1. Below 8 Å, C-alpha to C-alpha, sequence gap of six or more: please give me the relative contact order for the chain in percent.
2. Output the antiparallel fraction of DSSP beta bridges having both residues in the chain, as a percent to the nearest 5.
3. Please list, or write none, the lysines whose alpha carbon is within less than 21 Å of the alpha carbon of K229, excluding same-chain residues fewer than 8 places away.
4. Given a 1.4 Å probe and the protein chains all in place, what does the accessible area of T54 round to, in Å² to the nearest 10?
5. Using a 1.4 Å probe on the protein heavy atoms only, what accessible surface does I219 show? Give it in Å² to the nearest 10.
6. So for C122, C80, what's the accessible-area order with a 1.4 Å probe, most first?
7. Taking loop as defined by DSSP and a crowding limit of 11 other beta carbons within 10 Å, which GluC sites (Glu not before Pro) in region 1-66 fit?
8. Within the chain, what whole-number % of the accessible surface is contributed by carbon and sulfur, with the 1.4 Å probe and all protein chains included in the calculation?
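The values are calculated or read from the model by the stated rules, or taken from the named source; none is laboratory data. Model, not experiment: these values are computed from the prediction. Positions of Cβ are backbone-derived with ideal geometry, glycine not excepted, and every protein chain shown enters the neighbour counts. These accessible areas exclude ligands, DNA and RNA; they are computed on the full protein's heavy atoms, side chains included. Shrake-Rupley method; radii C 1.70, N 1.55, O 1.52, S 1.80 Å.
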Amino acid sequence: MIAFKNVVKKFGERMVLKGISFEVPEGEILFILGTSGTGKSVLLKNLVGLLRPTSGEIWIDGKEVSKLSEEDYFPVRKMCGMVFQHPALFDSLTIFDNVAFGLRKHMRELTPLQVADRVFECLALVHLKPEVALKFPGEISYGMQKRVSLARTVAVNPRILLFDEPTTGLDPVTTRAVNHLIFELSRELKTTSLVVSHDMGCALEIADRIIVLDQGQIIEQGTTEKLKKSQVPLVRDFLKEALENDPSQKQP
């Protein structure tokens, strides 16, 4: 269980999060939607301690983590896996070594054979063939790089997956493939997943629940069916765009 309790985040005089409160039950896929600059990514960074709330509390599994020291926050970060907008792979390393990077750094008890087994297991999880392991990032497509980034993230067995605009820059076919991967990984690995996005179509397809932010505040939240019935103007705009891009996403 993750809980944000009246979380405020200021940068100087600018208030980005204005008293945010919500809970994420274990195993849920939660989408956090909103236009640019509404504080979506700031939420994730506060969860993993890259930023700290100006006030309010963040709880994970019944323990408040927002006031932990930097040293005490390390175990919290270990349970979280973050997937950024861009793949952020090491260009000088093979795909194998990219996926193995976290294993070698954080799970040093593993033998080289165990590391190799885990790398190929994770590549299979994201539907990449074993021969990809010998290639370098520049030798594969951007969509495949996204998959490698996912494989690297799940390799160290995180309990919480955090996705920051995971489908940015992808064509519709690859976007749908990445969405399905997020859903498959979340269910198969039994992780709790928070997905920051501006894509209502993606959210309607795989989310258990959706939160919509505007100007640092939650303006709507609920299941996909509840969101489809929302009368909040910004939500209706998101729904209209999703419908135009994918007619299968019908509004009531």
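1. Here the relative contact order equals 25 percent.
2. DSSP beta bridges in the chain are roughly 55 percent antiparallel.
3. List returned: K240, K250.
4. 80 Å²
5. 60 Å²
6. Values: C122 0, C80 20 Å².
The most accessible residue leads, giving C80, C122.
7. E13
8. Using a 1.4 Å probe with all protein chains present, the chain comes out at 54 percent carbon and sulfur.
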